[in-house]
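Note sheet for the following structure.
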Amino acid sequence: MEKLQENGIRLRHYGMGDHKTTCPECSHTRRNKTEPCLSVTIEGDGGAVWFCHHCNWTGGVKAESGYLPKPIPKPTPKPVSMSILNKLSDRHYGWFKDRGIGKDTVDAFGIICTKESFGGEKEGCIGFPYYDSGEIVNVKYRTHDKRFKQTKGAKKTLFNIDRIKDSKTVIFVEGEMDVMACYEAGFFNAISLPDGAPSKPKFQEGDKRFEPLTNCADALEGKDQIIIAVDNDEAGHALQLELVHRFGKDICSIVTWPVSQSGPSKDANDVMRTYGIDIMIDCINDAVPFPVDGVHTVKDYKAEVLDIYDGRIQRPVDTGFDNLDEIYQVMPSTFALVTGIPNHGKSNFIDHLAVNLMRRHNWKFAVFSPEHSTANHIRRLAEKMVELPFDVGPN
């Protein structure tokens, strides 16, 4: 504690683990002076290291001999009471059916109804049990107007985690309803995070939102493909980038939801309700690998190849010399270099070609000619325009 305070670093407590606080180097100069931009880690031997995410100030102190910090105790997840597991009514099944999800799927996930307080009097809601190795470790509650809460102090895990353990492919969606929509379509390997998507990507390894990934690391180990089928909005894009950052571009594939005249579809359940289950299945099966810089496939060039085949490309133009056109034509947007023996007519040829292109194709030219004066150059061009010699002589 003393060594950290000597460096201007003050923490609320000094237990072993990760801490966040203001930075003594830059926080006083920032508009938001209270933002905890300095990450401090108290190590197991009593030493500490720190890093500022704003000014990149970094450093560390060694442990005092014989001192060991007290570890920060992690709360023990509370077991979920079985007394809350009330069966659904026909009205509840009807609500799921309106969203394209049948009774068998609802029962497969053990969905319950109960009453919970969302800041006031207890009210009716649906509960989505989170299982881990067959045991309920968390329940996420949802009201009819989409207010959410979870079991306090529960273990953070992934919805439907038990069903993906033997699968080499995992589908990440953004909510429990999307997981159930995938199940309805025959994709039993879909999962989602309990806390939804971030507003923007942060790429912080200690982000609590992604704690379930750490808790489910064993089940996620060794997957060949991560299919990311999250919501089609800004938060969904942020979640997509966070998942790619954590799993790696090489195994991630991206699902694109269809777009209609009324706008883009939002998520898996929305696509299933709007377009039907077959379209949703096609979207997931057509997931494309996350683009890696510098790596391309033939599909990336499909439009360009078809443009060539259908003649929708820029074509060369004739020179105005019939015998020359057989071996050379002028291609727009290219660089042409004409070289040869001095005094063999290169400049005359270029001038004549320019006149032909101007007459036949309405081209315009900017000319830099250090070889001739401007008046002399105009004289040479005039000969070619009127097709008569400028000087006295045979004409």
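If Lys and Arg each add +1 and Asp and Glu each add -1, what is the summed charge of the other residues whose beta carbon sits under 10 Å from the beta carbon of Ser265? Result for the neighbourhood of Ser265: -1.
Its relative contact order, with pairs defined as Cα atoms under 8 Å and 6+ residues apart, puts the stretch 285-362 at 23 percent.
The loop-placed GluC sites (Glu not before Pro) in the stretch 182-268, going by DSSP, that have at most 16 neighbouring Cβ atoms within 10 Å of their Cβ come out as Glu205, Glu221. In the chain, helices alone account for a calculated mean residue ellipticity at 222 nm of -7500 deg cm²/dmol, with every DSSP H run of four or more residues adding -39,500 (n - 2.57). By the Cβ distance rule of under 4.7 Å, the chain has these cysteines without a partner: Cys37, Cys113, Cys125, Cys182, Cys216, Cys252, Cys283. With the whole protein complex present, Thr297 retains an accessible surface near 80 Å², based on a 1.4 Å probe.
Among His372, His19, His54, which one moves the most in a GNM of the chain with springs linking Cα atoms closer than 10 Å? Greatest mean-square fluctuation among the candidates belongs to His372. With a cut-off of 15 Å between beta carbons, the residues surrounding Gly186 carry a summed charge of -4, where Lys and Arg count +1 and Asp and Glu -1.
Report, to the nearest 10°, how far helix 234-247 tilts away from the longest principal axis of the Cα atoms in the chain, using its own Cα long axis and a range of 0 to 90°. Around 80 degrees separate the two axes. In the chain, the DSSP beta bridges split such that about 75 percent are antiparallel, to the nearest 5.
Entry note: the chain has Rg to Rh equal to 1.24, where both radii use alpha-carbon atoms and Rh is the Kirkwood radius.
Of all trypsin sites (Lys or Arg not before Pro) in the stretch 120-219, which ones are in loop regions per DSSP and have a Cβ with at most 16 other Cβ atoms within 10 Å? Loop-located and lightly packed - Lys146, Arg147, Lys152, Lys165, Lys168, Lys202. Each Lys or Arg adds one and each Asp or Glu subtracts one; over the other residues with Cβ under 14 Å from the Cβ of Ala238, this totals -3.
Accessible area of Asp391 (1.4 Å probe, protein heavy atoms only, ligands and nucleic acids ignored): about 80 Å².
Of the beta bridges in the stretch 124-255, as assigned by DSSP with both residues counted there, near 50 percent are antiparallel.
Largest GNM mean-square fluctuation among Asp132, Asp300, Asp107, using the chain with Cα springs under 10 Å: Asp300.
The values are calculated or read from the model by the stated rules, or taken from the named source; none is laboratory data. These numbers were taken from a predicted model, which means no experiment stands behind them. Cβ: placed from backbone, ideal geometry, glycine included. Neighbour counts: every protein chain shown. Just so you know, the surface numbers come from the protein's heavy atoms only, side chains and all, with ligands and any DNA or RNA stripped out. Shrake-Rupley method; radii C 1.70, N 1.55, O 1.52, S 1.80 Å.
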